[in-house]
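One structure is given below, encoded as structure tokens.
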Amino acid sequence: MISKVLPVATRVLLGLVFFVFGLNGFLHFLPQPPLPAAAMPFLGGLAGAGYFFPLLKSIEVAAGVLLLSNRFVPLALTLLAPIVVNIAAFHLVLAPNPAMVVFLLAAEIYLAWSYRDAFRGVLAARARPAAARTAPIGGEQRSGVAAIAK
């Protein structure tokens, strides 16, 4: 029973975290806690780029929606992986908050493990393009418009 409920609960919680905090980046409905002085140059540099925070928060909202709707979950986890790593590094080095780090890393890793079958192709040591896998032996290979016209 728990093996069926835990992935769903983790997916929904992670989806809510990224959906809510992603939206907060645009709508500012949650107060921003004071940050340590060490974090300010880092955040100032990211904000100074102009594009970074809108892009980051858009990805967070989109991935949160995907997790909440149970659609394209492996894609959402892939989009969130570098964000989770950066959040973990930020909260371990610049603004210590180990509880946040433990939850996000545990949820991301657990869901990646739960959906591991979807990642098998990405983790293949010797991947080949689809055309190479389906080419007939000694025969003519058609692709694109030529394959449709035939």
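If I filter segment 23-53 down to residues being of a type in the set (A, V, I, L, M) and over 19 Å from A89 (Cβ atoms), which single residue comes out as surrounded by the most Cβ atoms within 10 Å (Cβ to Cβ)?
Our first condition is that a residue be of a type in the set (A, V, I, L, M); within segment 23-53, this holds for 23, 27, 30, 35, 37-40, 43, 46-47, 49.
From what is left, the residues that are over 19 Å from A89 (Cβ atoms) are 23, 27, 30.
Working: L23: 16, L27: 9, L30: 11.
Checking each candidate, the answer is L23.
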Practice prompt. Tell me, yes or no, whether segment 52-62 has at least one residue that is touching a Leu at 6+ places or on another chain (Cβ under 9 Å), more than 30 Å from L123 (Cβ to Cβ), without any contact (Cβ under 8 Å) to a residue 40 or more places away in the chain and not in a helix (DSSP H, G or I).
Written response: no
Item to complete: Mind checking which helices (runs of 4 or more DSSP H) fall wholly inside segment 66-150 and carry at least 3 residues that are at pLDDT below 90 and loosely packed, with under 13 Cβ neighbours inside 10 Å?
Response: 130-134, 144-149
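Given the criteria part of a helix (DSSP H, G or I), hydroxyl-bearing (S, T, Y), touching a helix residue (DSSP H, G or I) at 6+ places or on another chain (Cβ under 6 Å) and closer than 23 Å to A118 by Cα, does T10 qualify?
Details: part of a helix (DSSP H, G or I): yes; hydroxyl-bearing (S, T, Y): yes; touching a helix residue (DSSP H, G or I) at 6+ places or on another chain (Cβ under 6 Å): yes; closer than 23 Å to A118 by Cα: yes.
Taking the combined requirement at face value, the residue satisfies it.
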Item to complete: For L16, indicate whether it is exposed (fewer than 12 other Cβ atoms within 10 Å of the Cβ) and over 13 Å from the mean Cα position of the chain (by Cα).
Response: no
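Kindly evaluate V61 against the criterion of being among the hydrophobic types (A, V, I, L, M, F, W, C) and within 24 Å of W113 (Cα to Cα). Working first, answer last.
Numbers: among the hydrophobic types (A, V, I, L, M, F, W, C): yes; within 24 Å of W113 (Cα to Cα): yes.
Judged against the criteria, V61 is a match.
The values are calculated or read from the model by the stated rules, or taken from the named source; none is laboratory data. Predicted, not measured: the structure shown is a model, and the values here were computed from it. Here the Cβ is made from the backbone with ideal geometry for all residues, glycine too, and neighbour counts use every protein chain on show.
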